[in-house]
Each structure stands twice: as structure tokens, then as C-alpha cells.
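Some notes on the structure that comes next.
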Amino acid sequence: MAYRLSARARRDLDRVIRYSLEKHGRDAADRYLLLLTTAMDEAGGKPFLQGSRPVIAKPGVRSYAILHSRLRVPKEQRVRSPAHQLVYRCAEDGIVEILAIIGDSYPPARLRVRR
């Protein structure tokens, strides 16, 4: 299975990486991008991966804390305290659609999901 990013997820990704670059520098931003893409690859390959949870208020939508993908990147590339979740669903064409990238403190149930 593969994945694609919604327009919102693209904006979220840009915002998260830009923030990391401004606050923590190029190396940290590159490491965070690696972690995010690793998590997206995992969700795209196995939508019900261990650590993902259904979003109760949004049928068919799941959330996945990228913290769970931390050990799947090389040790020297690891992010100490990742603080984001992927919100995604399996679209009708079988592709995993990443709907948003949200901070851990934001409840996924509050997202507006377009059908």
C-alpha cells in the first residue's frame, strides 16, 4: 500500500518542518522530516499498524503518534521527543490518505474530515 498527503497535511508538514528549522536548526529539521516520512511510510504500508488508534468521532479515521516510529530510524538520526501524530484513513482507492499532522495535545476528533 502507498500513501498520499491531503492539502492540509502538506501545509501541516511545511509548518512543522519550518518551525523545527527556525527553532532547532537544519540538522533537527532534517531528522524530524526523516521521522515523519518514516511514520507515513509505515502507515501507508500497514494502516492498522501497532500503536495506531481509531478516532472514535470519525469513522474510518486513525491516528498514529510518530513517537512509535522513532526506533525505526538510525540511532544517530533519532528525534528525542517527537510531539506529533498522523491522522489518516484508507481511501476508497486503497491508498492511505494522510489527512493531517497534528500536535500531540490536539485531539484528532476535532479535525474536520472531508469526504
Specify whether the C-alpha gyration tensor of the chain places it in the rounded, prolate or oblate class, a ≥ b ≥ c being the square roots of the eigenvalues: rounded for a/c under 1.5, otherwise prolate if a/b is larger than b/c and oblate if not.
-> prolate
In nm, to one decimal, how far is the modelled label at Ala2 from the one at Arg26, with both set 7 Å along Cα→Cβ?
-> 3.1 nm
Assertion target for Tyr88, Tyr19, Tyr64, ordered by fewest C-beta neighbours within 10 angstrom first, is Tyr19, Tyr64, Tyr88
Among Ile56, Ile95, what is the fewest-to-most ranking by other Cβ atoms within 10 Å?
-> Ile56, Ile95
For region 13-115, state which GluC sites (Glu not before Pro) are in a DSSP loop and have at most 16 other beta carbons lying within 10 Å of their beta carbon.
-> Glu92
Among the lysines, which have Cα under 29 Å from the Cα of Lys23 when same-chain residues fewer than 8 positions away are ignored?
-> Lys75
Using Cα positions and a limit of under 20 Å, work out the lysines in reach of Lys58, with same-chain residues fewer than 8 apart set aside.
-> Lys46
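The numbers here are math on the coordinates, done by the rules we state, and not lab data. As the structure is a computational prediction, the values presented were derived from the model and not from experiment. All Cβ positions, glycine included, derive from the backbone under ideal geometry; neighbour counts span all protein chains shown.
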